[in-house]
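Peer 1: Provided herewith is a single structure, encoded as structure tokens, for subsequent inquiry.
The numbers here are math on the coordinates, done by the rules we state, and not lab data. Note that the structure is a prediction, hence the values are computed from the model and not measured. Reconstructed Cβ throughout: ideal geometry from the backbone, glycine too, with neighbour counts over all protein chains shown.
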Amino acid sequence: MLDPEITKCWDDKLRANRKKAIMNLRKNNLKFWFSKEKEDLATIIRGIKEKSTRELKNLVPIAIKNLKKNGFKVHYAGDIDEVKNILLGLVKGSRLVCKSKSVVMRELRVSETLQKHGIRVVETDIGDRLLQLEGGTPSHQHHPSAHLTLRDIRSLLETENEQLPEHADVLAGKISDTVRKHILNCDWGIVGCNAISADEGSLFTVENEGNIRWLTTIPKKLMVVTSIDKIVKSYYEAMMVCYATGYFAMSKLTTYIDVITGPSKSGDIQMKFSYGVYGPREIHVILVDNGRMNCIEKGFGELLYCINCSACLDICPVYEEVGESFGVKHALARGLMLTAWLEGLEAIGDKLGMCLTCNLCFSICPSKINTGKLLPEFRRRIVNGSA
Ligand code: SF4
Ligand code: SF4
């Protein structure tokens, strides 16, 4: 009998609309994925990630020192329990938190922890917000609401006093109007980040919607929850990671790449810095290991080269059929192996058996993560009891 989680993701509507979304993404991206330009960019990204993972032990203290020098309050968390303690300590007494989409925050169950402790969480990414209103299952990691039709969305947003047209711009505008009001009134903005440059102590974010820009500038207090594998050495390397993320996701630049190098400040009054001018005065960074160093030490550091571009999700034949159930917190065979290193083998059950080892994911990955090579070695470790 099929796992109920898989059956849920196989719901006819969910599956049909996920396939439609994936077909569109493939159509738009295929030319780039198999171009010389892609190969050249992937060579650069693979080099950056290989080097930064190899040197991560040294880069972590450099990043922490330089982030602190820039005025960030840095909290290092070894595991998920430490993250919870830091998180709950920071938000104590808060009512409302607005957050962005982040794979690391999903791994760490940030929304669930906050809600369990009575704090209201408003998702600001349009897809995540729709899913929050629907209370449904995501149809795709990066396009969680791909299964909702215009009619579905309209009925989620309409009230007795307000009729809405089935028009994407109007419906997206309706959501962002409400979310903006929440951001203006929230106690904390919480975001993830795409890269950290150790030498400069800067945080880099990539997005299209502009919700991250709002979250990193409007609330008085900002929290960045991220993991150590986001650290690279230089500003240039971090910028290349951000550039590649957009290109591999959509064959073009993302609308926004933002760099944050400390709290907002002005030196215009008496030539002394005043902090928290237009942006937040307080920025806390929770930097998480949660098993990553162990993964590197066990010889599986390549799993951490991922820049979360989502290209592999849009080419994997299994993900096309079963979506998010092909993964636990992190998607596909790479994600399952990673989760096993982070949380133990029992966390992934027998889901690795879903992988066809076709290695299509490797063929387009900007970090050239070779699932076809890693998986047999991982299985060998399971058999000899060292995974
Ligand atoms: S593993 Fe997938 S999401 Fe990660 S970098 Fe490679 S293609 Fe992108
Ligand atoms: S190797 Fe596995 S994870 Fe990669 S594309 Fe094929 S089925 Fe998907």
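Peer 1: Considering the dipole of the chain built from charges on the beta carbon (Lys and Arg +1, Asp and Glu -1) around the Cα centre, which of Pro263, Pro138, Val224 is farthest to its positive end?
Peer 2: Comparing the listed Cα positions along the dipole, Pro263 ranks first.
Peer 1: Taking the dipole about the Cα centre of region 67-109, with the C-beta of Lys and Arg at +1 and of Asp and Glu at -1, give me whichever of Asn85, Phe72, Val104 is farthest to the positive side.
Peer 2: Phe72
Peer 1: Pop out the ³J(HN,Hα) list for region 291-302 in order, Karplus 6.51 cos²θ - 1.76 cosθ + 1.60 with θ = phi - 60°, rounded to Hz; leave Gly and Pro as x.
Peer 2: Computed from phi, the couplings for region 291-302 are x, 5, 4, 4, 4, 5, 4, 7, x, 10, x, 4 Hz.
Peer 1: Now, a different point. With only alpha-carbon pairs counted, each pair once and no self-pairs, how large is the Kirkwood hydrodynamic radius of region 212-295 in angstroms? Let's see the in-between values first.
Peer 2: On the way: mean 1/r = 0.0659 Å⁻¹.
Computed over Cα pairs of region 212-295, the Kirkwood hydrodynamic radius comes out at 15.2 Å.
Peer 1: Are there any helices in the chain, counted as whole DSSP H runs, that stretch 15 Å or more along their axis by Cα and score at least 0.5 on average by Kyte-Doolittle, and if so which?
Peer 2: Taking the DSSP H segments of the chain (at least 15 Å long, mean hydropathy at least 0.5), we get 80-91, 235-250, 332-343.
Peer 1: Once you sort the root eigenvalues of the Cα gyration tensor of region 134-291 as a ≥ b ≥ c, which label holds: rounded (a/c under 1.5), prolate (a/b larger than b/c) or oblate (the other case)?
Peer 2: Oblate is the answer for region 134-291, as a/c is 1.5 or above yet b/c matches or exceeds a/b.
Peer 1: Rounded to the nearest whole Å³, what is the per residue volume of the convex hull around the Cα atoms of the chain?
Peer 2: For the chain, the hull spanned by Cα atoms encloses 151 Å³ per residue.
Peer 1: State, to one decimal in nm, how far the label point of Asn384 lies from the label point of Asp81, with both points 7 Å from Cα in the Cβ direction.
Peer 2: Going from the Asn384 label point to the Asp81 one covers 3.2 nm.
Peer 1: Take the chain, connect every pair of alpha-carbon atoms lying under 10 Å apart with a spring to form a Gaussian network, then pick out the residue of Ala42, Ala63, Ala347 with the largest mean-square fluctuation.
Peer 2: Top of the fluctuation ranking is Ala347.
Peer 1: Under 22 Å between alpha carbons, and skipping anything fewer than 8 positions from Lys220 in its own chain: which lysines qualify?
Peer 2: Straight-distance partners of Lys220: Lys68, Lys69, Lys73, Lys84, Lys92, Lys99, Lys101, Lys181, Lys265, Lys272.
Peer 1: Specify the residue with the greatest mean-square fluctuation among Gly301, Gly344, Gly291, computed from a Gaussian network of the chain linking alpha-carbon atoms under 10 Å apart.
Peer 2: Top of the fluctuation ranking is Gly344.
Peer 1: While we're here: Between Lys265 and Arg109, what length comes free when the chain is fully extended (0.36 nm per residue of separation minus the Cα-Cα distance, one decimal in nm)?
Peer 2: Separation in residues times 0.36 nm, less the Cα-Cα distance, equals 52.9 nm.
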